[in-house]
Amino acid sequence: DTEVTQTPKHLVMGMTNKKSLKCEQHMGHRAMYWYKQKAKKPPELMFVYSYEKLSINESVPSRFSPECPNSSLLNLHLHALQPEDSALYLCASSQQEVGETQYFGPGTRLLVL
Amino acid sequence: GENVEQHPSTLSVQEGDSAVIKCTYSDSASNYFPWYKQELGKGPQLIIDIRSNVGEKKDQRIAVTLNKTAKHFSLHITETQPEDSAVYFCAASPYSSASKIIFGSGTRLSIRP
């Protein structure tokens, strides 16, 4: 089973709201990722967690705050977002961090008003 | 850093014909090359991958070839079917930062009935 689940599927929020995106995998993978994908573009890496520790932050604005509570869960906390942050947010996981196949979830489509 | 170029950006083929998508990469040390298929409203799904010690890999109607000397790799889909319509992304994993996947810009494949 190579399933990564994400909730919610859709999210609409105002610029003053605080919301969280959730990602879960039960494949025993030790690396988890957040990507942002704009329409008609490839996914862009935001964060990488390896063994529950943040290993890569691709200079993402602080209004995005990742959290890895345990090896199966990954959250992305959102606060004071801008309309240009509207996008599809994808979670992925891999067995280890180095050179391994990444499996993607279905994404959360976020609209910031 | 690694740069991946993908062509064509759109491709329309008659059902039953073959489709070929080509990618080039810049970092000669890259050693892992996955291909993802993304259907409308879904996350990217791994369809096939190849590592640098292999020149060709096949899985039913899908094949990938890798030419390390020329630094290019290609996806071949034979006997195309309507369900092959999607956006396809090639990617490369640079040796220097193997947790990252560098995506190509994507190819929108349409299968004409």
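The values are calculated or read from the model by the stated rules, or taken from the named source; none is laboratory data. Remember, predicted model here, so these are calculated numbers, not experimental data. FYI the Cβ positions are ideal-geometry reconstructions off the backbone, even for glycines, and counts take in every protein chain you see. In case anyone asks, the SASA skips ligands and DNA or RNA and just uses the protein heavy atoms, side chains included. Shrake-Rupley method; radii C 1.70, N 1.55, O 1.52, S 1.80 Å.
Structure notes:
- Residue satisfying all of: in the range A:39-75; in contact (Cβ under 8 Å) with a residue 12 or more places away in the chain and touching a helix residue (DSSP H, G or I) at 6+ places or on another chain (Cβ under 9 Å); farthest from A:G105 (Cα to Cα) among these: A:R63
- Among the candidates A:P106, A:P83, A:P61, A:P69, residue that is out of contact with any Ser or Thr (no Cβ under 6 Å at 6 or more places or on another chain), open to solvent by 20 Å² or more (accessible area, probe 1.4 Å) and either within 13 Å of another protein chain (Cβ to nearest Cβ) or at positive phi (or both): A:P106
- The single residue among A:T101, A:T2 that is at pLDDT below 95, closer than 22 Å to B:S93 by Cβ, polar (S, T, N, Q) and surrounded by 15 or more Cβ atoms within 10 Å (Cβ to Cβ) turns out to be A:T101.
- Within the range B:40-61, the residues that satisfy the criterion of being within 12 Å of chain A (Cβ to nearest Cβ), out of contact with any Gly (no Cβ under 7 Å at 6 or more places or on another chain) and surrounded by 13 or more Cβ atoms within 10 Å (Cβ to Cβ) are B:K42, B:P44, B:Q45, B:L46, B:I47, B:I48, B:D49, B:I50, B:R51, B:S52.
- Single residue of the range A:13-47 satisfying the filter (in a strand (DSSP E or B) and in contact with a Lys or Arg (Cβ under 8 Å, 6 or more places away or on another chain)) that is most open to solvent (accessible area, probe 1.4 Å): A:E44
- Filter pass, B:S28 being under 27 Å from A:A31 (Cα atoms), at pLDDT below 95 and open to solvent by less than 40 Å² (accessible area, probe 1.4 Å): no
- B:I101, sole failed condition from (1) hydrophobic (A, V, I, L, M, F, W, C); (2) surrounded by 15 or more Cβ atoms within 10 Å (Cβ to Cβ); (3) without any contact (Cβ under 8 Å) to a residue 40 or more places away in the chain: (3)
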